[in-house]
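Here is the structure we will look at.
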Amino acid sequence: MALRKTKKRKKASRMHGRGQGTNGWGARKKHKKSGHRGGKGMAGTGKRADQKKTLMTKLYGHGYFGKQGITSKGTKRDKRQRINLEKIELKIESFIKKGIAKKTTKGIEIDLQEYKILDSSKEYIPKNKLIIKAKEASKSAIEKVRKEGGEIVLPQN
């Protein structure tokens, strides 16, 4: 295995001779600081990106231009879980398998204490006698369940 150089000699030290201040770059003004390159780092890559247009569009500019992300600070989203009566009846069998619901002499008891119970469409009428434990419920959902002989049990405040 070949040994690597521990210190690389600078180009300037090799090029500097008597009266040689340009190091092979023509005029002294041509190769001084970052202005020659259009600025240091990401400088010049702004909205118009004239100096480094190809760098920004082809190589490094993914997600650089335009607005990124969602920043909504004003309103908070309502994260309460909701379920409507029609969906409850469609899922009764799976609720029973999971142990969320059970058949009793009164009807089908369903434990949905994290949910708000909502009414379904106007034409929909529950087929089963439902006794639902819920966090909240709409007035129309409570009425529909009562008409069929069931009830929605809400926590007392």
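The values are calculated or read from the model by the stated rules, or taken from the named source; none is laboratory data. In this text, all values refer to a predicted model and were calculated from it rather than measured experimentally. Ideal geometry is used to build each Cβ from the backbone, glycine not excepted, and the neighbour counts take in all protein chains shown. For the accessible areas, the whole protein counts, side chains as well, though only heavy atoms, and no ligand, DNA or RNA atoms are used. Shrake-Rupley method; radii C 1.70, N 1.55, O 1.52, S 1.80 Å.
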With -39,500 (n - 2.57) per DSSP H segment of 4 or more residues and division by the full residue count of the chain, the 222 nm estimate, nearest 500 deg cm²/dmol, is -4000 deg cm²/dmol
Given backbone amide H placed at 1.01 Å from N, residues whose amide H is under 5 Å from that of Arg82, ignoring those fewer than 5 places away on the same chain, are Lys116
Expressed in nanometres to one decimal, the distance between label points 7 Å along Cα→Cβ at Leu90 and Glu148 is 1.4 nm
At the level of C-alpha centres, the distance separating region 96-130 and region 54-70, in angstrom, is 51 Å
Answer in debye to the nearest 20: the dipole magnitude of region 53-138 about its Cα centre, from +1 Lys/Arg and -1 Asp/Glu charges placed on Cβ, is 380 debye
The relative contact order of the chain, taking Cα pairs under 8 Å that sit 6 or more residues apart, comes to a percentage of 13 percent
For region 42-157, the percent of accessible surface on carbon and sulfur atoms (probe 1.4 angstrom, ligands and nucleic acids excluded) is 50 percent
Magnitude of the Cβ-charge dipole (Lys and Arg +1, Asp and Glu -1) of the chain about the Cα centre, nearest 20 debye, reported as 2980 debye
Dipole check, the chain, charges on Cβ (K,R +1; D,E -1), about Cα centroid: among Ile142, Ile108, Phe95 the Cα furthest to the positive pole belongs to Phe95
SASA check, Thr71, accessible area w/ 1.4 Å probe, all protein chains in place, rounded to nearest 10 Å², comes out at 120 Å²
Restricted to the chain, the DSSP antiparallel beta bridge percent, nearest 5, is 20 percent
Of Lys133, Lys29, Lys67, the most mobile residue in a GNM of the chain (C-alpha springs, cutoff 10 Å) is Lys29
Residue separation between Lys29 and Arg77 times 0.36 nm, minus their alpha-carbon distance, gives in nm 11.4 nm
Once the dipole of the chain is set up from charges on Cβ (+1 Lys and Arg, -1 Asp and Glu), the residue from the list Asn84, Trp25, Gly69 lying farthest towards its positive end is Trp25
The chain accessible area per residue, 1.4 Å probe, protein heavy atoms, integer Å², reads 86 Å²
Read-out percent of Cα pairs over 18 Å apart, candidates [x] 69; [y] 65; [z] 75; calculated match is [z]
